[in-house]
1. State all residues of region 98-112 that are at pLDDT 95 or above and not in a strand (DSSP E or B); if no residue qualifies, say none.
2. Among the residues of region 111-120 satisfying the criterion of being of a type outside the set (A, V, I, L, M, F, W, C) and touching a residue at least 60 places away in the same chain (Cβ under 8 Å), which is surrounded by the most Cβ atoms within 10 Å (Cβ to Cβ)?
3. Please specify each residue of region 50-97 satisfying the condition of being open to solvent by 40 Å² or more (accessible area, probe 1.4 Å), among the charged types (D, E, K, R), part of a helix (DSSP H, G or I) and more than 21 Å from Leu128 (Cβ to Cβ).
4. Of the conditions (1) open to solvent by 70 Å² or more (accessible area, probe 1.4 Å); (2) acidic (Asp, Glu); (3) in contact with a Cys (Cβ under 9 Å, 6 or more places away or on another chain), Asp44 clears all except one; give me its number.
5. In region 12-20, is there at least one residue being over 23 Å from Glu125 (Cα atoms) and modelled with pLDDT of 95 or more?
6. What is the residue count in region 18-40 for residues that are among the hydrophobic types (A, V, I, L, M, F, W, C) and either touching a residue at least 60 places away in the same chain (Cβ under 8 Å) or open to solvent by 30 Å² or more (accessible area, probe 1.4 Å) (or both)?
7. When both residues are 6+ apart or on different chains and their Cβ atoms are under 8 Å apart, which pairs have a first residue that lies in region 74-100 and is in contact (Cβ under 8 Å) with a residue 40 or more places away in the chain, and a second that is of a type in the set (Gly, Ala, Ser) and open to solvent by 50 Å² or more (accessible area, probe 1.4 Å)?
8. From the list Lys116, Lys98, which residue is among the charged types (D, E, K, R) and more than 20 Å from Trp49 (Cβ to Cβ)?
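The values are calculated or read from the model by the stated rules, or taken from the named source; none is laboratory data. These numbers were taken from a predicted model, which means no experiment stands behind them. We place every Cβ from the backbone using ideal geometry, glycine too, and count neighbours over all the protein chains shown. The area values use the complete protein model at the heavy-atom level, side chains included, leaving out ligands, DNA and RNA. Shrake-Rupley method; radii C 1.70, N 1.55, O 1.52, S 1.80 Å.
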Amino acid sequence: VSNQIATAGATNENIEQKGELAWYLNKEAAYQKAAESGKLVFVDFHGDWCTNCKAFQKETQENSSLNSALQKAVLYKVYDTSQEFEKYRNDPRFPELKVGIPFFIITDASGNVIYKTNDYTKTEEMQLFLN
């Protein structure tokens, strides 16, 4: 029985593993994990067609200090094709999403925005908020 529950949980959470980084694809699961762990949430708004999104994804694997900072947070990836993306896009706090992606936010477990940028090269700045 416990096996079935664990499997169901993993399916509901819908996690995308990239190297050492596990990206939640489900908002509720990501924020629940953040509430349980006391960690911040790093949100990556991503499109498979987006060159800068892919460059950032590569950077998360190759930049060891960024990688270790991201490991201290709950990671949540929002694809531009998801319904959740539209909700964020229509949120008045995030006018940047009407312009385009990539876009990143760091929030607390309650969803309060601590940091946001659309510049994927600001990895040192991101790390300041994550560390």
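1. The initial filter retains those residues of region 98-112 that are at pLDDT 95 or above, namely 101-112.
Hits for region 98-112 are Ile101, Pro102, Asp108, Ala109, Ser110, Gly111, Asn112.
2. The initial filter retains those residues of region 111-120 that are of a type outside the set (A, V, I, L, M, F, W, C), namely 111-112, 115-120.
From what is left, the residues that are touching a residue at least 60 places away in the same chain (Cβ under 8 Å) are 111, 120.
Numbers: Gly111: 13, Tyr120: 21.
Out of the qualifying residues, it is Tyr120.
3. Those that are open to solvent by 40 Å² or more (accessible area, probe 1.4 Å), among the charged types (D, E, K, R), part of a helix (DSSP H, G or I) and more than 21 Å from Leu128 (Cβ to Cβ): Lys54, Lys58, Glu86, Lys87, Arg89.
4. All conditions pass for Asp44, except number (1).
5. So in region 12-20, the residues over 23 Å from Glu125 (Cα atoms) come out as 12-17.
Among the residues that remain, those that are also modelled with pLDDT of 95 or more are: none.
The answer is no, given that none of the residues of region 12-20 is over 23 Å from Glu125 (Cα atoms) and modelled with pLDDT of 95 or more.
6. Counting residues in region 18-40 that are among the hydrophobic types (A, V, I, L, M, F, W, C) and either touching a residue at least 60 places away in the same chain (Cβ under 8 Å) or open to solvent by 30 Å² or more (accessible area, probe 1.4 Å) (or both) gives 5.
7. Between residues of region 74-100 that are in contact (Cβ under 8 Å) with a residue 40 or more places away in the chain and residues that are of a type in the set (Gly, Ala, Ser) and open to solvent by 50 Å² or more (accessible area, probe 1.4 Å), the close pairs are Val74/Ser37.
8. Values: Lys98 fails: more than 20 Å from Trp49 (Cβ to Cβ).
It is Lys116.
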